[in-house]
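The values are calculated or read from the model by the stated rules, or taken from the named source; none is laboratory data. Remember, it's a predicted structure, so these values are computed and weren't measured experimentally. Note that each Cβ is placed from the backbone with ideal geometry, even for glycine, and that neighbours are counted across all protein chains shown.
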Amino acid sequence: MWSQVKQELAQSTARFLARFIGLLPGIAALIVALLASILLAWILATIVRRLLTSMHFDQRLARWGFPSLAEWSPLQSPTLLVAQGIATLVVVAGILIGVAAVAPEWTSLLVQSVFAYVPNVVGAVLVLVFGSIVARFLSRSVLIGAVNLNLRYARLLSVGVRWLVVVLAVAMALEHLRIAPGIVDLAFGILFGGIVFAMALAVGLGSKDLVTKSLERDAQKASDEHVQEPFRHV
Amino acid sequence: MQVEPIPQEVQEKIEVVESADLVVGVLAELNQESLVILCDALRTLSGSPRIAVLRDDHAVDPSVDIARTNSETAQNHATTFLVPWPLLRPDTPDTPMLSMSAAYQSVFAASEKLGARACCVIASKLETPEPDWVRQLAQPLLEDDVDLVVPRYARHKFEGLLNSSIIAPLMRCLYGRRIHNPLGPDLGVSRRLFEKMIGNDRSARMVGEHPIASLVPAAVCENLQICEVCVGARIYPPTDWMNFSSLLSQILSPIFADMERNAACWQRMRASLPVPAICDPVRVSEDAGTVDISRMVESFRLGNRDLEEIWGLVLPPSTLVELRKLSRLSLEQFRMPDELWVRIVFDFALAHRLRTINRDHLLKSMTPLYLAWVASYAHDLETGGATALEQRLERLSLAYESGKPYLVSRWRWPDRFNP
């Protein structure tokens, strides 16, 4: 009995060691691939960063009408964003090469699932970028318009509009990524509906008198200006 | 500038006239009596020119027909034709400047069609209209070979402020001609100038461009003759505060766009020169009284508080610091130095060129700054008369001229460090 146990133990240890020794070249290849890809990524990122800096890429991008990209970038620099993006791609490629050396079937499975998810990620990123641009444009329009109308709560309005659009964009992006879609739908519905309901209540009930007085004051001011305003601009 | 094609139904109306030496487009709302006076004044032009007077066909009294108007002309006088013209609609509420632009283009198109030597556009009503002021506007074009006749309105100190604060001094500093009302809007244009402008831009037409903003730059850069004609005070419409920032954007955008187009020309210009003026300046009486600037200062303070992130993209840090200091001053002490205002205008022009932010946002965000300057100007001239007004505006113009090296430097090297 004891000899059988010893034999089984020896056999399983031998199998494990044989399997482990069989994996060692793969693991070594994974580490080498990873280190090589990190080195290559660093070299490429440095070259790209220097090239883009010499081209004044950040300023050009702002001039071409994409100033909002800076907000999404590390240290507010799209140059760094591009350089780090390239570095990440190289490192990911290195990891995939390394994993392929360990177990080729894992790589194909991983690549398949990653590629199946890529359209969702791309869609979500596009929605976020577009949402960010629209949010910035609308919030600026509201801010400038409200300031020019002498509204004291211009910034509040602008921030409100910005967050409404951002929340909408984030909800759409999460929907695209299929991350907890039920919760996102529910949370978004509650949040958006809540905001609209709160505004309706505020205007309809709580701020009725305030709104009336404000409108009356504005109307009075406008009529006074027509009578007394000595300035003619255009 | 683009010349709009003339629609078929309008072609038929204009074919009755066949040809004309002078085309006068009447955009102002004149009653029938004023129109008859205008035609009578035009008939006194020497050389018996044929004159087509284009009038919005919705405003023309059907009882006055072309045949009757023509039959009144005498042998040695000019012949006038009253032509109902459906394209003259300058008063679209939201986009008055664009509508005005379309009306100008339509007058230019008619002038080209009729082979006119010159055209005039009458867009204003004057406080005390001299009967022959339109003739004075047309005469230098036909008799003295002048290419651009601009009006020199008698001015009240608080009227035409956008022109006084930005348009006239900016054009003077850029193009080196002291023109009081470079955008008219009552202007006389020779065929030579109009043809040059078409020739310049035929290959690259720009939709929505404002032709009157391009007239003075084109005339100066092409070395054409410009003269001023003194006329009475213009009646300005009351300020529509709801659309004021849009209007500011509509007016400044073509001027800044022209700066970009004519950069090579204006960078060569140095000091400014007066243009020949036909007549003596007309003086108007001014009421000396206090004005309320609190609303404008309040608007500026609000802008300084809430628009700083936008201004920060356009203005250098030193200007922002000065604006912050300005916003803390009391109403009595509130003064925006001309040098600061001039740098602000130049920086906005540069940001317009570089498209630092959306151009419409950029120009609309300038409104509180403009109001701050107006408040400061009103403070200075509260009790001043005509002489003080002239001196004040001359001081501003000189500030623009002395600030030009700053503009040229920033224009050429926008990325250079600017504290």
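Can you tell me which residue is modelled with the lowest pLDDT among those in region B:285-300 that are in a helix (DSSP H, G or I) and facing chain A (nearest Cβ under 9 Å)? The qualifying residue modelled with the lowest pLDDT is B:Arg295. Just one of the numbered conditions (1) of a type in the set (Ser, Thr, Tyr); (2) buried (at least 17 other Cβ atoms within 10 Å of the Cβ); (3) without any contact (Cβ under 8 Å) to a residue 24 or more places away in the chain is not true of B:Ser376: (3).
Any residue at all in region A:98-119 that is more than 14 Å from chain B (Cβ to nearest Cβ) and assigned to a loop (DSSP other than H, G, I, E, B)? Steps first, answer last, please.
Taking region A:98-119 and keeping what is more than 14 Å from chain B (Cβ to nearest Cβ), we get A:98-119.
Subset that is assigned to a loop (DSSP other than H, G, I, E, B): A:103.
Yes, region A:98-119 has at least one match.
Yes/no per residue for (1) within 30 Å of A:Ser37 (Cβ to Cβ); (2) surrounded by 18 or more Cβ atoms within 10 Å (Cβ to Cβ); (3) free of Cβ contacts under 8 Å to residues at least 60 places away in the same chain:
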| site | (1), (2), (3) |
| --- | --- |
| A:Val99 | yes, yes, no |
| A:Ala103 | yes, no, no |
| A:Gly131 | no, yes, yes |
| A:Arg140 | no, yes, yes |
| A:Leu143 | no, yes, yes |
| A:Leu149 | no, no, yes |
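Looking for something in a loop (DSSP other than H, G, I, E, B), more than 14 Å from chain A (Cβ to nearest Cβ) and within 30 Å of B:His156 (Cβ to Cβ) - is there at least one such residue anywhere in region B:301-318? No, region B:301-318 contains no residue that is in a loop (DSSP other than H, G, I, E, B), more than 14 Å from chain A (Cβ to nearest Cβ) and within 30 Å of B:His156 (Cβ to Cβ). Scanning region B:341-365 for residues that are buried (at least 20 other Cβ atoms within 10 Å of the Cβ) and either aromatic (Phe, Trp, Tyr) or without any contact (Cβ under 8 Å) to a residue 40 or more places away in the chain (or both), we see that the one that is nearest to the other protein chains (Cβ to nearest Cβ) is B:Ala351. Taken over region B:215-228, the criterion of being surrounded by fewer than 23 Cβ atoms within 10 Å (Cβ to Cβ) and either touching a Leu at 6+ places or on another chain (Cβ under 9 Å) or among the polar types (S, T, N, Q) (or both) is satisfied by B:Pro217, B:Glu222, B:Asn223, B:Leu224, B:Gln225, B:Ile226, B:Cys227.
Using the structure shown, decide if B:Asn223 is polar (S, T, N, Q), more than 10 Å from chain A (Cβ to nearest Cβ) and without any contact (Cβ under 8 Å) to a residue 12 or more places away in the chain. Answer is yes for this residue. In region B:236-249, the residues that are facing chain A (nearest Cβ under 7 Å) form Cβ pairs under 7 Å with partners that are among the small types (Gly, Ala, Ser), at six or more places apart or across chains, as follows: B:Tyr236/B:Gly160.
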